[in-house]
1. Being open to solvent by less than 40 Å² (accessible area, probe 1.4 Å), at positive phi and either under 16 Å from the mean Cα position of the chain (by Cα) or hydroxyl-bearing (Ser, Thr, Tyr) (or both) is true for just one of 126, 118. Which residue is that?
2. If the requirement is being of a type in the set (Asp, Glu), farther than 28 Å from residue 23 by Cβ and at pLDDT 95 or above, which of these qualifies: 81, 108?
3. Any idea which residue in region 49-82 is most open to solvent (accessible area, probe 1.4 Å), counting only those that are touching a residue at least 24 places away in the same chain (Cβ under 8 Å) and acidic (Asp, Glu)?
4. Out of region 140-178, which residues are polar (S, T, N, Q) and either closer than 25 Å to residue 104 by Cβ or open to solvent by less than 60 Å² (accessible area, probe 1.4 Å) (or both)?
5. Among the residues of region 1-47 satisfying the criterion of being in contact with a Phe, Trp or Tyr (Cβ under 7 Å, 6 or more places away or on another chain) and among the β-branched types (Val, Ile, Thr), which is nearest to residue 134 (Cα to Cα)?
6. Counting only residues that are free of Cβ contacts under 8 Å to residues at least 40 places away in the same chain and under 21 Å from residue 143 (Cα atoms), which one in region 83-95 is most open to solvent (accessible area, probe 1.4 Å)?
7. Filter region 129-139 down to the residues that are exposed (fewer than 14 other Cβ atoms within 10 Å of the Cβ) and within 17 Å of the chain's Cα centre (by Cα) and list them by number.
8. Quick one: which of 132, 138, 147 is over 20 Å from residue 78 (Cβ atoms) and touching a residue at least 24 places away in the same chain (Cβ under 8 Å)?
Amino acid sequence: MIIERSMNDDWLSNTYVVADEPGGHAVMIDAGGPVGPLLDFLRRGQLTLTHVLLTHHHHDHIAELDAVLAAHTGTPVLIHELEREHVPQATGNLQPGQAIDSGALHIEPLHTPGHTAGMISLLIDGTDVFTGDTLFRGSVGGVRAPGHTTYADLKSSIMDTLLKLPPDTGIHPGHTDPT
């Protein structure tokens, strides 16, 4: 698995490209930008972008979605159904229990509400999880942003879903550094 990250200097939000192999298939996780370096990475690596997967609808995670779609017209954009009304570019739903395959990548959407009602974390190949704004390095997401649910939901998402993953699972948060 190949993971490339770009971090927005204003929001410290991450956008990721995850690919199965050089010259293979890739997904983009979130699109808060800057996406230019990631679009170059896709081109240089001769990678086929199969999906844009959105963890949630907040602006700092979708700000440059139109730029991605301009470069990769027709790429499916998936988000949890509870978030979809906020992202008109979305073409389908991320549903827990319905895995997505991109080349050799196997992606399992995990519903991790709290920060938003439809927050999704993405477990890829059982080894790395992309947690959006649910879990960060040394911190957790908040429950005061638009579309939030409750602290109890956030706690359950972390304790009952994310921390049940194997201890060596790589955590790639929606902001700042992986852990």
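The values are calculated or read from the model by the stated rules, or taken from the named source; none is laboratory data. This is a predicted model, so every value here is computed, not measured. Note that we place each Cβ from the backbone using ideal geometry, even for glycine, and neighbour counts take in every protein chain shown. Note: accessible area is taken over every heavy atom of the protein model, side chains too, but ligands, DNA and RNA are not part of it. Shrake-Rupley method; radii C 1.70, N 1.55, O 1.52, S 1.80 Å.
1. Just one listed residue meets the conditions, 126.
2. 81
3. Here the answer is 81.
4. Passing the criteria: 149, 156, 157, 161, 169, 176.
5. Within region 1-47, the match that is nearest to residue 134 (Cα to Cα) is 29.
6. So, considering only residues that are free of Cβ contacts under 8 Å to residues at least 40 places away in the same chain and under 21 Å from residue 143 (Cα atoms), the one most open to solvent (accessible area, probe 1.4 Å) is 85.
7. 137
8. Within the list 132, 138, 147, the selection yields 138.
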